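The values are calculated or read from the model by the stated rules, or taken from the named source; none is laboratory data. Source: prediction; values computed, not measured. Cβ: placed from backbone, ideal geometry, glycine included. Neighbour counts: every protein chain shown. Only protein heavy atoms, including side chains, enter the accessible area calculation; ligands, DNA and RNA are left aside. Shrake-Rupley method; radii C 1.70, N 1.55, O 1.52, S 1.80 Å.
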Amino acid sequence: AAMVQKYQSPVRVYKHPFELIMAAYERRFPTCPLIPMFVASDTVNEYKSEDEAIHVIERRCKLDIDAPRLLKKIAGVDYVYFVQKNSLNRRERTLHIEAYNETFSNRVIINEHCSYTVHPDNEDWTCFEQSASLDIKSFFGFESTVEKIAMKQYTSNIKKGKEIIEYYLKQLEEEGITFVPRWTPPVTCKSDSSTSHPRRPVSPAVNIPDSSTKEGLSNKEILNTSSSPAEPTAGTPDDKLDADYIKRYLGDLTPMQESCLIRLRQWLQETHKGKIPKDEHILRFLRARDFNIDKAREILCQSLTWRKQHQVDYILDTWNPPQVLQDYYAGGWHHHDKDGRPLYVLRLGQMDTKGLVRALGEEALLRYVLSINEEGLRRCEENTKVFGRPISSWTCLVDLEGLNMRHLWRPGVKALLRIIEVVEANYPETLGRLLILRAPRVFPVLWTLVSPFIDDNTRKKFLIYAGNDYQGPGGLLDYIDKEIIPDFLGGECMCEVPEGGLVPKSLYRTAEELENEDVKLWTETIYQSASVFKGAPHEVLIQIVDASSVITWDFDVCKGDIVFNIFHSKRAPQPPKKDSLGAHSITSPGGNNVQLIDKVWQLGCDYSMVESPLICKEGESVQGSHVTRWPGFYILQWKFHSMPACATTNLPRVDDVLASLQVSSHKCKVMYYTEVIGSEDFRGSMTSLESSHSGFSQLSAATTSSSQSHSSSMISR
């Protein structure tokens, strides 16, 4: 099977002007001692414009690939030839390089694109970027070997690219060349006016923000000194990662790892409508799936949907843990370990898990653990700034002193397993180390219950000490500074973590109370839920005053399949009548069902459709937007989608029969959220919207060009 490997580099910034970098770059030809495999190169074609602003040169390069002798024998070649076409534009100060393989071009397709351009915020700096794709159609049965060799050669050369430019820059400096003048148009009296005009459109390309030039700082530096280094403005397509930033904030990544991060991040920017996670968080999902970009994307999308549904982004600012938790939950943050990781201390043995579950229910407990994890993410970011190196995980110290049979109470263990599961799915690679201290005799029993739910990668980070072993060699002191060992472990540091203790039975609540409490917790979100029945769609009215507004929507289809429509009407619909089917809604809390479009209204006369209908399957999450062209009334409609029988045979397919049985109640459920945004606030500019009037991209063939709304159908079903 053909495999396509892709590579996308971060931006490498050279703090030298473009012209000097070009002088260094030219020295690589015809051969370069630093790239031993680059044996020779001949110029095949050359073109220079009259004013010398444009110089295009095409070379045939001869490479001696480091491949096993046997493979060369089978392939019958000693050298591999590439064609490289360089287009230099001295007026625009850009060099574009295109390269592809000539040898084996019917079996293997290699394409590479590189560019040297002027840094957008500093015209004396140069940016370098490269991307490539490798598609192996067939290679005498050695496809995977060839792929490995190609990737290995390629990635080792990426690392060299920078060294080579720096080597020649140094060489130039030794020869006394530290400045190369910029290109200027040749001066002739006659063409004076004509050369000054074509240069006009060039200037906007060098976009120099006022604020940053005043202080003599580039934008990148401003980013790095500002309070939150990891948040370049989200969602601007030219917001790229540069190599120095990756090293400082994310760590040492291999070229392929960098490429995965950049590609996944780019995919999110293009398709994800909500808040885009921070780079270090995207990286955690990639690490959790060994940088398999498709698997990482899947778990990341599921997690983003989960975050959105449960409003996790707002948990720290809006949720106040109940007093019972503050008094009896024996856990808290306590300084940091020797590696600079935030340290969380949990006195599990002192904690009455049974009492907490009985007094609070599973949901409130889970919420609390989520808020701890959110705080952990924040502390990692903080420590990354403070310690000057990337810190992306925390250390957890669990003290089991006092653990007893109460802790093995089934509902308590069940709650614990569910919490572990949610945390594993949404905070991967955040636990740097887990120190389990004073493990008692019952511990192995608990461990057998819990360990199957814990990811192998995570389990490797567990260190378990029985009794007082933690005080001996290889113990706590290897991981935590003496000054901060908590008092209850025989250290000198006052630890603020609550003591725990038994939750008074007077605080216990009945199962029914807890049930209602749980429902309330998850419905207090900005999402509304609606029920849709056969013959009774759910409709929402939006009144638009300012013609060019943007209506955005975001909904999850929780049950059944629906069709989503958006209509415009000049006249106000009648006040909604609750449909007679409203009786159904007792079954679901807050599941409303409203019809606005009058039965006598005619489509195309009283109201019109402004987007093509979108079919949404159960479990899908859909986000989109519509730029309004006229003021008036817009109606969003979710309608029951009835399955057509299979057209060719007229016999129902098995799938259809099963599906119709499943939704035999003919009831669908949607959770939705919608808001209207002034066009100027909508992610940048109006132009980006104009080009894509349809909110439904990949879904309706008619409007494939649209980029405005991708529906990411990545919900955990």
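The table that follows gives values for the structure above.
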item: Partner lysines for K385 [C-alpha distance under 20 Å; skip if fewer than 8 residues away on the same chain]; result: K220, K247, K278, K338
item: Reachable lysines from K617, criterion Cα separation under 21 angstrom, eight or more residues apart if same chain; result: K273, K308, K534, K559, K639, K667, K669
item: Which of K570, K385 is most accessible, then next, and so on - probe 1.4 Å; result: K570, K385
item: Cα-Cα separations in region 1-50 greater than 18 Å, expressed as whole percent; result: 64
item: Inter-probe distance in nm under a simple model that places probes 7 Å from Cα toward Cβ, at D290 and K85; result: 4.0
item: Theoretical gain in end-to-end length, A511 to K247 [0.36 nm per residue, Cα-Cα removed]; result: 89.9 nm
item: Extension gain from I74 to L502, taking 0.36 nm per residue of separation minus the Cα-Cα distance; result: 146.6 nm
item: Heavy-atom SASA rank of I551, I54, I293 (probe 1.4 Å, accessible area, largest first); result: I54, I293, I551
item: Two-site label geometry, V442 and E483: point separation in nm, points 7 Å out along Cα→Cβ; result: 3.9
item: For C668, solvent-accessible area (1.4 Å; no DNA, RNA or ligand), Å²; result: 0
item: Accessible area (Å², 1.4 Å probe, nearest 10) - F488; result: 40
item: Partners for K170 among lysines (Cα-Cα distance below 17 Å; same-chain residues under 8 apart left out); result: K15, K160, K162
item: Rounded percent of accessible protein surface that carbon and sulfur make up, region 318-505, 1.4 Å probe; result: 53
item: Residue list for region 96-125, given a label point 7 angstrom along the Cα-to-Cβ vector of N157 and an amide N cut-off under 18 Å; result: 96-116
item: Gained length - Q543 relative to L34, 0.36 nm times residue gap less alpha-carbon distance; result: 176.6 nm
item: Percent of Cα-Cα distances greater than 25 Å, calculated over region 318-505; result: 33
item: Gap separating the Cα centres of region 24-77 and region 465-481, nearest whole Å; result: 59
item: Region 243-310: Rg to Rh, with Rh as the Kirkwood radius over Cα pairs; result: 0.96
item: Rough spin-label spacing in nm, given labels placed 7 Å along Cα→Cβ, for E175 and K460; result: 4.9
item: Cross-link pairs K460/K482; K6/K295; K48/K85 - those with Cα-Cα distance over 18 Å; result: K460/K482
item: Solvent-accessible ranking of T318, T155, largest area first, probe 1.4 Å; result: T318, T155
